[in-house]
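Colleague: Handing you this structure, nothing more for now.
The values are calculated or read from the model by the stated rules, or taken from the named source; none is laboratory data. Source: prediction; values computed, not measured. When we count neighbours, we look across all protein chains shown, and the Cβ atoms used for this are built from the backbone with ideal geometry, even at glycine. Keep in mind that these areas ignore ligands, DNA and RNA; they rest on the heavy atoms of the full protein, side chains included. Shrake-Rupley method; radii C 1.70, N 1.55, O 1.52, S 1.80 Å.
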Amino acid sequence: MSPAPQSTSWLNRYWALPLMVVISVAIAVFIIKSRPAMEHQASVREGVPVTTIQLQSHSIRPSVLGYGEVYPDVLLDMRTEVSGKIVFVHPQLKKGAILPADTLVVRIDDANYRLALKQAEASLAQNRANLEEQKLADQDAKLDLQLAKDKLKLSETELKRFEKLLSKGSIARSSADNQRSTTLLIRQEVQTLQNKLDTMPYTTEVLKAQIEISESEVATQKLNLQRTEVRLPFDARISTVSSEASQFVSQGSTLFLAQTIDKVLVNAQFSLPQIRLLSRGFDMEPGAFQQLLGNEKNSRSLIERLGLSAKIRLAGDDLGTLWDAQVERISNNLDPASRTLGVIISVNDPYQKAKPGVKPPLMEGMYMEVELWGAPQSYLLVPRDALHEGELYLADSQQQLKRVAVNGYPQQQMLLLDPTEGLDTNSRVITSDIFPAVQGMSLSPSEDSTAQTSMKSWLEAH
């Protein structure tokens, strides 16, 4: 059997594979060379779209919120000024009752005080009679003295005549001695009457003093008699009653507690940063502050210079009912527990302004929210939600993000910024959220008309 014939295909030759590689490389080089030259094109990165508002300065009255309880302007602790048995108690003298001024609420048995008044009046009448008697005695003493002086003058004249007769030997010496003795006795009588008359003014002064004592005793007993009737000094609401009819009370015992209804106070507490916000821009020359505190009028002037005003509402009241209020004074010390400063707020006629179901009367113990306003100051205004953990995001003139740390004062949904912090008013505040917020990143800002409208409405309301 003859062997099979060998293949004569050119693919089987040893030089075929290298030839194919060379041809493939040549084709690849031709294709690369025939393509147009590559040109470098810079990549265009679009800025992050954000909404912005322009920083602007406005004159704004800053406000802060504080809280405190209502308490009466005057809380009267009515105590007895005399002791005795209670014989009358007003039927409406009960806790919570409102009684008009000058209402007789309690009467104490006055029998003993009427007797004491009669005794004092009798003693006064006796002392007055003694004074009149003393005046008559004084007149009598003056007449007696005058008569004694006249007798003395006559006796001395007679004595001189006797002495002349004795020198001539016309009378006996015993007669002259008797006349001299009589003259001495009359002179002694004159001296006695003069001494008596000299002491009478002192006796008169003693009697006058006794009359004054008696008059004061009469006045005291009249006052005690009046004090047996206890009347309200003002329109009052009774808060506590401690007395009953037929009860014996000693002097100084508490009968009841009453409070005024024409004015109430709220001691609202504010932190020191809040007080600093309201007093920002307040300037005073050295020594002027002490002068302002010199009297009540100047102290009121201090409140007016600070421009403080207030409104109050019930804490947690969804209706938002407001009461107009006045700033009375500022507390003299910090609360030791909360380290806050008290500002005393007053509301006049809290009962007259009440509206059933809408505006209740302000009563003791109500917990109030106090909004305290300061004087107008220049501030930069931005929405509060534009603040991100103490920083504002700004779009600078190069449309790049700039992060700036600020110290702002929250005001409801807005934020007040001090213009002296160095913020560039040419920058725009970003009001939309950015994440991540990278310093220097490119931005594509647009006007936030909604925020602008909200800020305008807020400014009009303030």
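Colleague: Looking at the chain, which longest stretch skips every one of the chymotrypsin sites (Phe, Trp or Tyr not before Pro) that is in a DSSP loop with at most 16 other Cβ atoms within 10 Å, leaving the sites themselves out?
Modeller: Segment 16-233 is the longest.
Colleague: Taking a probe of 1.4 angstrom, what is the accessible area of residue 109 in Å², to the nearest 10?
Modeller: Counting only protein heavy atoms, residue 109 exposes about 70 Å² to solvent.
Colleague: Also: Leaving ligands, DNA and RNA out of it, work out the accessible area of residue 145 with a 1.4 Å probe and give it in Å² to the nearest 10.
Modeller: Near enough 10 Å² of accessible area.
Colleague: Which trypsin sites (Lys or Arg not before Pro) in segment 64-115 sit in a loop by DSSP (not H, G, I, E or B) and have at most 12 other Cβ atoms within 10 Å of their own Cβ?
Modeller: Hits after loop and neighbour filter: 94, 95.
Colleague: Is segment 176-284 rounded, prolate or oblate when judged by the Cα gyration tensor, a ≥ b ≥ c being the square roots of its eigenvalues, rounded requiring a/c under 1.5 and prolate requiring a/b larger than b/c?
Modeller: It comes out oblate by the Cα gyration axes.
Colleague: Once the whole set of protein chains is in place, how much accessible area is left on residue 241, using a 1.4 Å probe, in Å² to the nearest 10?
Modeller: 50
Colleague: For residue 87 and residue 121, compute 0.36 nm times the residue count separating them, minus their Cα-Cα distance, and round to one decimal in nm.
Modeller: Extending this stretch completely gives an extra 9.7 nm.
Colleague: A further question follows. Mind jotting down the distance between the C-alpha centroids of segment 47-96 and segment 224-265, whole Å?
Modeller: That distance is 24 Å.
Colleague: Work out the FRET efficiency for residue 158 and residue 196 from their Cβ-Cβ distance, taking R0 = 30 Å, and round it to the nearest 0.05.
Modeller: The value I calculate is 0.70.
Colleague: Measuring from label point to label point, each 7 Å out along Cα→Cβ, what is the residue 69 to residue 142 span in nm?
Modeller: Label-label distance for residue 69 and residue 142, simple model: 7.3 nm.
Colleague: Taking only protein heavy atoms into account and a 1.4 Å probe, give the accessible area per residue of the chain in Å².
Modeller: For the chain, the per-residue accessible area is 63 Å².
Colleague: Can I ask one more? Taking every alpha carbon pair in the chain, what does the distance histogram look like in 10 angstrom bins from 0, in percent?
Modeller: Answer for the chain: a P(r) of 3, 11, 11, 11, 10, 8, 7, 7, 6, 6, 5, 4, 3, 2, 1, 1, 1, 1, 1, 0, 0, 0, 0, 0 percent.
Colleague: When the helix-only estimate is applied to the chain (DSSP H runs of n ≥ 4, each -39,500 (n - 2.57), divided by the residue count), what is the mean residue ellipticity at 222 nm, nearest 500 deg cm²/dmol?
Modeller: -13000 deg cm²/dmol
Colleague: Related question: Out of the GluC sites (Glu not before Pro) in segment 170-258, which ones are loop residues according to DSSP with at most 14 other C-beta atoms within 10 Å?
Modeller: Listed in order of number, the matching sites are 244.
Colleague: Still on this model: Roughly speaking, to the nearest percent, how much of the chain's 1.4 Å accessible area is carbon and sulfur?
Modeller: Roughly 53 percent of what the probe reaches on the chain is carbon or sulfur.
Colleague: Assign one of three labels to segment 417-462, namely rounded, prolate or oblate, based on the Cα gyration tensor with a ≥ b ≥ c the square roots of its eigenvalues; rounded applies when a/c is under 1.5, prolate when it is not and a/b is larger than b/c, and oblate otherwise.
Modeller: oblate
Colleague: Could you tell me whether segment 304-347 comes out rounded, prolate or oblate from its Cα gyration tensor? Rule is a ≥ b ≥ c as square roots of the eigenvalues, rounded for a/c under 1.5, then prolate if a/b exceeds b/c, otherwise oblate.
Modeller: oblate
Colleague: Provide Rg and Dmax in Å for segment 60-176, with only Cα atoms included in the calculation.
Modeller: 39.9, 126
Colleague: Right, another one. Counting other Cβ atoms within 10 Å, which GluC sites (Glu not before Pro) in segment 382-459 have at most 12 and lie in a DSSP loop?
Modeller: Qualifying residues, ordered by number: 389.
Colleague: Sticking with this structure for a sec: From the protein chains alone at 1.4 Å, what is the descending order of accessible area for 58, 462, largest first?
Modeller: 462, 58
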